[in-house]
């Protein structure tokens, strides 16, 4: 039985490595353009579709899939252009927005889904700061046009909730679910049965 991460996201790979788990990466192959506008249903639906897609190829393994979106009045996807990214950041300037991540874990005998929500407030962003941030190129492959773990950290004033959720994987909740099922040993991070 192997642990499979159904994502090629560098951020999710980095976060899962923090748990000292041995895992394999098999990206899901699905159409992520769905009609669902409710942020919670959106991330739960996509994470489940990703998990099921990979589970069909790796029967009997533990599959971890996730989907993250930024929400401010509507779901904000990855920017389509420089102008789109600029408008997104200008719109979020000085305001709170929410980051939702849906996670689906397929175990051999059960499937569990959950979501995490983190609220993030941007400071007031000057035109010069937005232009500088966009010049780094970091914004263009990320939902909401920023990545909190990189240069995007200079845009943030406050955060309420799980920081790692904003990066794309709420690892504390994930750890608890794996630990409670005896998948990992608390001290060594190796596959093991939980001691009682």
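Here are the numbers for this structure:
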| read-out | value |
| --- | --- |
| Burial ranking of peptide ranges 157-166, 29-38 (average Cβ count within 10 Å, highest at the top) | 157-166, 29-38 |
| Degrees separating the helix 82-92 axis from the principal Cα axis of the chain, which is the longest one | 90 |
| C-alpha long axis of helix 171-180 to longest principal axis of the chain, angle in ° | 10 |
| Spin-label pair residue 128/residue 81, simplified geometry with 7 Å Cα→Cβ offset, distance in nm | 2.7 |
| Nearest-0.05 FRET efficiency for residue 58 and residue 180, computed from C-beta distance (R0 22 Å) | 0.50 |
| Net lengthening on full extension, residue 36/residue 158 (0.36 nm per residue, minus Cα-Cα) | 41.1 nm |
| In degrees, nearest ten, helix 39-55 long axis to first principal axis of the chain (Cα) | 40 |
| Chain lengthening between residue 91 and residue 1 when straightened (0.36 nm per residue, less Cα-Cα) | 27.8 nm |
| Structure-derived Cα Rg over 2.2 N^0.38 Å: which label, when the choices are [x] 1.07; [y] 1.42; [z] 1.21 | [x] |
| DSSP-defined beta bridges in segment 1-87 - what % are antiparallel, rounded to 5 | 40 |
| Alpha carbon centroid spacing (whole Å) that separates segment 73-103 from segment 5-26 | 25 |
| 222 nm mean residue ellipticity, helices alone, for the chain (DSSP H n ≥ 4; -39,500 (n - 2.57); rounded to 500) | -9000 deg cm²/dmol |
| Rounded D (µm²/s) - segment 72-127, Kirkwood Rh over Cα pairs, Stokes-Einstein at 4 °C, 1.567 mPa s | 95 |
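Read the figures in this text as sums done on the coordinates, not as results from a lab. Please read all numbers here as calculations on a predicted model, not as lab measurements. Virtual Cβ from ideal backbone geometry, glycine too; neighbours counted across all protein chains shown.
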